[in-house]
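A.B. asks: This structure is in structure tokens; I'll ask about it shortly.
The values are calculated or read from the model by the stated rules, or taken from the named source; none is laboratory data. As the structure is a prediction and not an experimental result, all values here were calculated from the model. Note that we place each Cβ from the backbone using ideal geometry, even for glycine, and neighbour counts take in every protein chain shown. Areas reflect the complete protein model, heavy atoms only, side chains present, ligands, DNA and RNA absent. Shrake-Rupley method; radii C 1.70, N 1.55, O 1.52, S 1.80 Å.
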Amino acid sequence: MNILQIAHSFPPHSLGGAEIYTFHLCSELAKKHNVSVFHRVCEQGQEEYRLSAKRKEDLSVYTINNTFKHCYSFKGLYCNSSIDIEFEEILKKINPDVVHIQHLIFLSIGIIEKIKKYKIPIIFTLHDYWLICPQWHYLKNKSIICNNNNELDCLECVSSWLYIHRLSKRIYHFLKRKFIKNIRLIKQLQDIYTTTSRNLSNSKKTINMIEERRISMREICNEVEMFLSPSEFLREKFIEFGIPERKILLVKHGINETLFANCGARKEKGRLIFGFIGTILPAKGLHILIEAFNKLNHNDKSNLRIYGKLYPYNGFEYYPEYIKKIGLNNQNIHFMGDFDNRQIGEIFAGIDILVVPSIWLENAPLTIQEAFCAKVPVIASRIGGIPEIVTDSLNGLLFNLGDTDDLAEKIKFVIDNPGVISKFKGNIPEIKNIAENAQEIEELYISLISKNK
């Protein structure tokens, strides 16, 4: 088969869960098929919408540069004809039998229309809520779960995106580049830009712009033959959104088990090691974990290791400084920095229990499945699809969303009763490997292709 995978990013440009999963799936499929990948890069200073191609192991990888330099409308954030035109040239060159979309954020939904123009079947894996929520994480003000009942809920979050003024945008980005290291000033610039761009009245036109996005997303969902959801929770959310139940299959991700071949009992003795592994963004809740850990008095009994890059992501420039402020004064909290996912097995071999303190409606966190593959128990937020993986008091512990006291109690319980770690390990379920996952997805491809003939 000739397979095209589409993603918002791809290693080594980004190492989030969806990107890592996509890479391992593509690599596995490439053992038997011709696999190409099309994804977005963000390279400031390079020509906008510049296409490039290269070989990455057994994959043909095509990239398009999109920094949103020429984006001056809310619609341009999700539908970009320039990207569509460039993508079509790649599509004609590859001429795939099937297209598998992993994500379209930072790209364009018009890509789907181009694929359907050539009558190629589409399968779409749901990793988050971007098709429903413009900010993908269902959070208001980056911290409160959103019910998304109407357009006014979205207006509260995206009002500054609805009327993007060219001059104010150019001034903002110029000053942001000039003062990139001044986090406090960057935050002030954001506030000024937001105020300048915001239309303060909840006019019918403003509401219609949000509704237009929602309608557009439903329309492109109608063009997709099959959706895959790694959790029942996410599946139900998209059924509520309007995707027919028959079109969304529950298919859990597979893990590259070879990365965990040497995991076993932790060699170090003494203090218990708790770990956080992942992208350091507010939605991932690292601040919740640090605040909970700061409540403990077991200075000689436990450490917290934080694996992840303290990077000022666009829109979250303030967060790394905040994390360092609340964490650096605790000698038992260690910032381990960025890491190569190829060493993920070694990282898990050095911790006793993983903590996943997310505050957004998680789908099926890859890091939890990696932990289980390494036989490492998990303490996690009781939210989204997490309870489908972590069974409270069986293979880990669940705590109430955003509750630092509850999380501190769960950590203290493990510290005071270290024997439960062995109990949790014994109840960790078998995790699907990437070969099994690739096999079931290959069968879905074949089914779609045969129906499309």
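A.B. asks: Can you give me the C-alpha center-to-center distance between segment 424-453 and segment 62-125, rounded to a whole angstrom?
C.D. replies: Cα centres, segment 424-453 to segment 62-125: 25 Å.
A.B. asks: Cα-based Rg of segment 1-107 per 2.2 N^0.38 Å, rounded to two decimals?
C.D. replies: Working: Rg = 13.5 Å, N = 107, 2.2 N^0.38 = 13.0 Å.
The reported ratio for this selection is 1.04.
A.B. asks: Same structure, new question: Cut-off under 13 Å on the C-alpha distance; same-chain residues fewer than 8 positions from LYS295 excluded. Which aspartates and glutamates are left, in chain and number order?
C.D. replies: Leaving aside aspartates and glutamates fewer than 8 places away in the same chain, those within reach of LYS295 are ASP403, ASP405, ASP406, GLU409.
A.B. asks: Too long at a 30 Å Cα-Cα cut-off: which of LYS119/LYS309; LYS247/LYS453; LYS93/LYS453; LYS93/LYS309?
C.D. replies: Working: LYS119/LYS309 42 Å; LYS247/LYS453 19 Å; LYS93/LYS453 21 Å; LYS93/LYS309 37 Å.
In this structure, LYS119/LYS309; LYS93/LYS309 exceed 30 Å between Cα atoms.
A.B. asks: Please report, largest first and rounded to whole Å, the three semi-axes of the ellipsoid equivalent to segment 405-452, where each semi-axis is the square root of five times an eigenvalue of the C-alpha gyration tensor.
C.D. replies: After scaling each eigenvalue by five and taking roots: 44, 14, 6 Å.
A.B. asks: Label-point separation (nm) for GLN439 and ASP392, each offset 7 Å from Cα along Cα-to-Cβ?
C.D. replies: Those two pseudo-labels are separated by 3.6 nm.
A.B. asks: Would you calculate the separation in nanometres between label points at GLU156 and LEU310, each defined as 7 Å from the Cα along the Cα-to-beta-carbon direction?
C.D. replies: Output for this residue pair reads 3.2 nm.
A.B. asks: Quick one: putting +1 on the C-beta of Lys and Arg, -1 on the C-beta of Asp and Glu, what dipole do you get for segment 1-99 around its Cα centre, in Debye to the nearest 20? Provide the component values of the computation, followed by the final result.
C.D. replies: On the way: 11 positive and 12 negative charges, 19 e Å.
Dipole about the Cα centre, nearest 20: 100 debye.
A.B. asks: Show me, bin by bin at 10 Å from 0, the whole-percent P(r) of segment 294-453 based on Cα pairs.
C.D. replies: Reading upward from the zero bin: 9, 31, 36, 14, 6, 2, 0.
A.B. asks: Looking at the square roots a ≥ b ≥ c of the eigenvalues of the Cα gyration tensor of segment 280-386, which shape do they give, rounded for a/c under 1.5, prolate if a/b is larger than b/c, or oblate? Please report the intermediate quantities before stating the final value.
C.D. replies: Numbers: a/c = 1.33, a/b = 1.09, b/c = 1.22.
It comes out rounded by the Cα gyration axes.
A.B. asks: Let me spell out the model: positive unit charges on the Cβ of Lys and Arg, negative unit charges on the Cβ of Asp and Glu, origin at the Cα centre of the chain. What dipole size does that give, in debye rounded to 20? Intermediate values should be presented prior to the final figure.
C.D. replies: Values: 58 positive and 51 negative charges, 256 e Å.
In total the dipole reaches around 1220 debye.
A.B. asks: Output ³J(HN,Hα) for segment 275-286: one whole-Hz value per residue in order, computed from phi by the Karplus curve 6.51 cos²θ - 1.76 cosθ + 1.60 with θ = phi - 60°, and x for Gly and Pro.
C.D. replies: Coupling constants for segment 275-286: x, 10, 9, x, 6, 9, 10, x, 4, 7, x, 4 Hz.
A.B. asks: Further, regarding this structure: Using 0.36 nm times the number of residues separating SER447 and PHE241, minus their current alpha carbon distance, what extension gain do you get? Before the final figure, lay out the partial values.
C.D. replies: Details: separation 206, 0.36 × 206 = 74.16 nm, distance 2.56 nm.
Net length gain for the segment: 71.6 nm.
A.B. asks: Turning to a different aspect of this structure: Tell me, what is the percent relative contact order of the chain, built from C-alpha pairs under 8 Å that lie six or more residues apart?
C.D. replies: Numbers: 787 pairs, mean separation 66.6, N = 453.
15 percent.
A.B. asks: Provide the packing ranking of 413-420, 99-106, i.e. peptides ordered by the mean count of other C-beta atoms within 10 Å per residue, highest first.
C.D. replies: Working: 413-420: 13.5, 99-106: 23.4.
Listed from highest to lowest mean packing, they are 99-106, 413-420.
A.B. asks: Quick check: pseudo-label points 7 Å beyond the Cα along Cα→Cβ at GLN46 and ALA261, how many nm apart are they?
C.D. replies: For the pair GLN46/ALA261, the computed spacing is 3.3 nm.
A.B. asks: Moving to a separate point now. Karplus couplings for segment 206-211 from phi (6.51 cos²θ - 1.76 cosθ + 1.60, θ = phi - 60°), rounded to Hz, Gly and Pro as x?
C.D. replies: These are the phi-based 3J(HN,Hα) values: 5, 4, 5, 5, 6, 5 Hz.
A.B. asks: Further, regarding this structure: Counting only protein heavy atoms, what percent of the accessible surface of the chain is carbon or sulfur at a 1.4 Å probe? Mind showing how you got there, number by number?
C.D. replies: Working: 10030 of 20320 Å².
That share works out to 49 percent.
A.B. asks: So what's segment 364-453 giving for Rg/Rh, alpha carbon basis, Kirkwood Rh from the mean inverse pair distance?
C.D. replies: Details: Rg = 17.5 Å, Rh = 15.0 Å.
Rg/Rh for segment 364-453 comes to 1.17.
A.B. asks: Kirkwood hydrodynamic radius, computed over distinct alpha-carbon pairs, for the chain: how many Å, to one decimal?
C.D. replies: Values: mean 1/r = 0.0430 Å⁻¹.
Every distinct Cα pair counted, the radius reaches 23.2 Å.
A.B. asks: Under the 0.36 nm per residue contour assumption, what length would be gained going from the current alpha-carbon distance of LYS205 and ASN297 to full extension?
C.D. replies: Working: separation 92, 0.36 × 92 = 33.12 nm, distance 5.50 nm.
Using 0.36 nm per residue and subtracting the Cα-Cα distance, I get 27.6 nm.
A.B. asks: Which entries in the list LYS92/LYS451; LYS140/LYS432; LYS56/LYS432 go over 30 Å, if you measure between the two C-alpha atoms of each?
C.D. replies: On the way: LYS92/LYS451 21 Å; LYS140/LYS432 34 Å; LYS56/LYS432 25 Å.
Pairs exceeding the cut-off: LYS140/LYS432.
A.B. asks: How long is the gain from GLU212 to ASP416 if the chain were fully straight, where each residue apart is worth 0.36 nm and the alpha carbon distance is subtracted? Could the numbers behind the result be given before it?
C.D. replies: On the way: separation 204, 0.36 × 204 = 73.44 nm, distance 5.42 nm.
Going from the current span to full extension adds 68.0 nm.
A.B. asks: Scan around LEU272 for amide H atoms under 5 Å from its own, H built in the peptide plane at 1.01 Å from N, and keep only partners 5 or more places away or cross-chain.
C.D. replies: So LEU272 has HN proximity to SER302, ASN303.
A.B. asks: Taking 8 Å as the Cα distance limit and 6 or more residues as the minimum spacing, I'd like the relative contact order of segment 339-424 as a percentage. Let's see the in-between values first.
C.D. replies: Details: 112 pairs, mean separation 21.9, N = 86.
Relative contact order here is 25 percent.
A.B. asks: Residues with amide H under 5 Å of GLU43's amide H, sequence separation 5 or more or different chain, H placed in the peptide plane at 1.01 Å from N; which?
C.D. replies: Correct list: ASN66.
A.B. asks: To the nearest 500 deg cm²/dmol, what mean residue ellipticity at 222 nm is calculated for the chain from DSSP H runs of n ≥ 4 alone, each contributing -39,500 (n - 2.57), summed and divided by the residues?
C.D. replies: Values: 15 runs with 174 residues, N = 453.
Calculated mean residue ellipticity at 222 nm is -12000 deg cm²/dmol.
A.B. asks: Could you list the GluC sites (Glu not before Pro) in segment 1-71 that lie in coil according to DSSP, counting only those with at most 10 other Cβ atoms within 10 Å of their Cβ?
C.D. replies: Working: sites: GLU19, GLU28, GLU43, GLU47, GLU48, GLU57; in loops: GLU43, GLU47, GLU48, GLU57.
Of the GluC sites (Glu not before Pro), the ones in loops of segment 1-71 whose Cβ has at most 10 other Cβ atoms within 10 Å are GLU47, GLU57.
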